[in-house]
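See structure below.
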Amino acid sequence: MSIRTKLILFILTLLTAISAVTAFLFQHNEWSSISANSQRKNLQILLSMSEVCKEMYRTPDKSSAYKYFKEFLKAPEIIKVSCSGPDGRVFMEDRYYSPYPPPFRYYFKNFSPPNTGTWETCSDNGVEILKASFRARGRTGEITARVDFSTQLIYQEMDSSLRQSSASFFIILSIAFAIGCAGTLIITRVIAGPIQTIEEAARIIGSGQLDHRVPIASKDELGGLAAEFNKMADKLKEYDEMKRDFVSSITHDLRSPVTGIELCSDIILKLAEKRDSARIPEQVFSINEHSQRLKRFIDSMLEVSRIESGKLTLDLKPMNLENLVDRAVRAFRTYAAQKGLKLEFIVAGEIPDVRGDQDRLYQVLANVIGNAVKFTDSGSVSVFIETLPGWQKVRVCDTGAPIPAHELTNIFSKFYRISSGRREYPSARQGTGLGLFIAKYLIELHGGRIEAESGAGGNTFSIFLPS
Ligand SMILES: Nc1ncnc2c1ncn2[C@@H]1O[C@H](COP(=O)(O)OP(=O)(O)O)[C@@H](O)[C@H]1O
Ligand SMILES: [Mg+2]
């Protein structure tokens, strides 16, 4: 069942329940007020009757009284009217009596007797009668006025008033219900529509069209969901591009050393055929270099898998950080000179020994210094080492293109290279985007931290190791 159908069913059930409760309460209240009105009316009749009786007691000519009586008896529910004097003798009586069996019995529950009279129901020849009497003190003595009402007719009248007011109530209720149903359709469309759009978008993106986005039509939670969904799709696209870049860079990185090795060995073979052994050592050196690059790359990949499986451990020993940095700087002198860069190493004061894994720290330094040389096209790369309270700090500053501020944390992610998708940034040349990821992990394993900053003048990478 779709979410729209569920919503429609839910709201319709709610509407029906509310209508039923409203109808019940209306009927109940209406019936109470109709009974109260009827009771008031009957009491009024009784009081008027008593006035007539008072007037007529002692008056010899009762003809005018009978006129009043006839008027009373015109009311269909009044069956009999009578007056009796203080001695209990009925001195005037009139009745309209056409007995018929009532279709069903009525009970007067809400009727309360007037203070100086009685108010009781009884059955006369199978007809349910409400006998009301009222004693009143007149000028010439106490008289009692009596009126018999047909309860069946009273109830019939009450029923018809209830039916009349109910008819208009139910018309209004039906209109309200119809408006509620129309509102339900609109609400469910408004709620379920965007959800269906997002579902459709998820299907399209899942089928591989990563450029598809959900239009953000509102500022409510559904609009927020659509915006978050689009952000997720953006990230997915970014990761997809990264993956593509990574695969192409891996292919490139693997292909060039392998091609180099192949070419060199071909040449060695040809030279060997010609017995020109004098040029062989140069090619062997080239093979060696290409194999080393290949090995470095494979080592990085293995390192990452060791980090991820938590199997990478350190061999901590006291060591001289200054010597290690010096060694790493020297390893890049030739490369820097080839690029026309000034590479300098500045030591600030006495540097005490630290506890560290020499090979791992060399790996980190070589990557950070190597990056600085690799990504700087002109100017210089300066490496500083200094002692701070509790820390030894190595700072590598270059004069290359500044890393955009929002990329400063990204570059420590696995496989992340800024060149991905941005042509204006100097190409990352050879690289896998693994160096800084591994470096950060290794430095943190030593209890230290690595930070990157960029400014108009270039970039600075700082490595802090606990002393
Ligand atoms: N000194 C630097 N100057 C400019 N960009 C840098 C520098 N160091 C690192 N980066 C950026 O950070 C990315 C990640 O570096 P790294 O993890 O060492 O990978 P790789 O060197 O294999 O590209 C690089 O691809 C480069 O875009
Ligand atoms: Mg690197």
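The values are calculated or read from the model by the stated rules, or taken from the named source; none is laboratory data. Quick caveat: nothing in here was measured; it's all calculated off a predicted structure. Cβ coordinates were reconstructed from backbone atoms using ideal geometry, including for glycine residues, and neighbour counts include every protein chain displayed. All accessible areas refer to the heavy atoms of the entire protein, side chains included, with ligands and DNA or RNA removed. Shrake-Rupley method; radii C 1.70, N 1.55, O 1.52, S 1.80 Å.
In the full protein context, the chain carries 58 Å² of accessible surface per residue, based on a 1.4 Å probe and ignoring ligands, DNA and RNA.
Using Cα centres only, tell me the gap between segment 12-46 and segment 307-361 in whole Å. Each part's Cα centre sits 93 Å from the other's.
The Cβ shell under 14 Å around Glu228 holds other residues with a net charge of +1, Lys and Arg each +1, Asp and Glu each -1.
Pairs of Cα atoms in segment 256-338 fall into 10 Å distance bins, from 0 up to the last occupied one, in shares of 15, 24, 31, 20, 9, 1 percent. Take 387-398, 307-318 and order them by the average number of nearby Cβ atoms within 10 Å per residue, most first; the result is 387-398, 307-318. Ranked by the mean number of other Cβ atoms within 10 Å of their residues, highest first, the peptides 74-86, 445-457 come out as 74-86, 445-457. For the pairs Lys317/Lys342; Lys41/Lys70; Lys235/Lys339; Lys393/Lys414; Lys274/Lys374, note any where the Cα-Cα span goes beyond 27 Å. Over 27 Å Cα-Cα: Lys317/Lys342; Lys235/Lys339; Lys274/Lys374.
Computed from backbone phi, the HN-Hα couplings of segment 212-228 come to 5, 9, 8, x, 8, 9, 9, 9, 8, 4, 5, x, x, 4, 5, 5, 5 Hz, rounded to whole numbers (Karplus: 6.51 cos²θ - 1.76 cosθ + 1.60, θ = phi - 60°; Gly and Pro given as x). Projected onto planes of every orientation and averaged, the convex hull of the alpha-carbon atoms in the chain covers 47.1 nm². Extending 7 Å from Cα along the Cβ direction at Leu271 and again at Arg189 yields two label points whose distance is 8.2 nm. For segment 3-17, backbone phi angles converted through the Karplus equation (6.51, -1.76, 1.60; θ = phi - 60°) give residue-by-residue couplings of 4, 5, 4, 4, 4, 4, 4, 4, 5, 5, 4, 4, 4, 4, 4 Hz, Gly and Pro being listed as x.
The residues neighbouring Thr387, those whose beta-carbon lies less than 13 Å from its own, together hold a net charge of -2 under the Lys/Arg +1, Asp/Glu -1 convention. Split the accessible area of the chain by element, probe 1.4 Å, and carbon with sulfur accounts for 58%. Across segment 317-466, the volume of the C-alpha convex hull divided among the residues equals 107 Å³ per residue. Backbone phi angles across segment 366-377, fed through the Karplus curve with coefficients 6.51, -1.76 and 1.60 (θ = phi - 60°), yield HN-Hα couplings of 4, 5, 5, 5, x, 4, 4, 5, 5, 9, 9, 8 Hz in residue order; Gly and Pro are listed as x. When the Cα positions of His28, Ser50, Ser38 are compared along the charge dipole of segment 1-61, His28 comes out farthest toward the positive end, with charges on each C-beta of Lys, Arg, Asp and Glu. Other residues whose C-beta falls under 12 angstrom from the C-beta of Arg333 contribute a net charge of +2, scoring Lys and Arg +1 and Asp and Glu -1.
When only the Cβ of Lys, Arg, Asp and Glu is charged (+1, +1, -1, -1), the dipole of the chain relative to its Cα centre reaches about 960 debye.
Under 17 Å of direct C-alpha separation, and excluding same-chain neighbours fewer than eight residues apart, Lys67 reaches these lysines: Lys54, Lys80.
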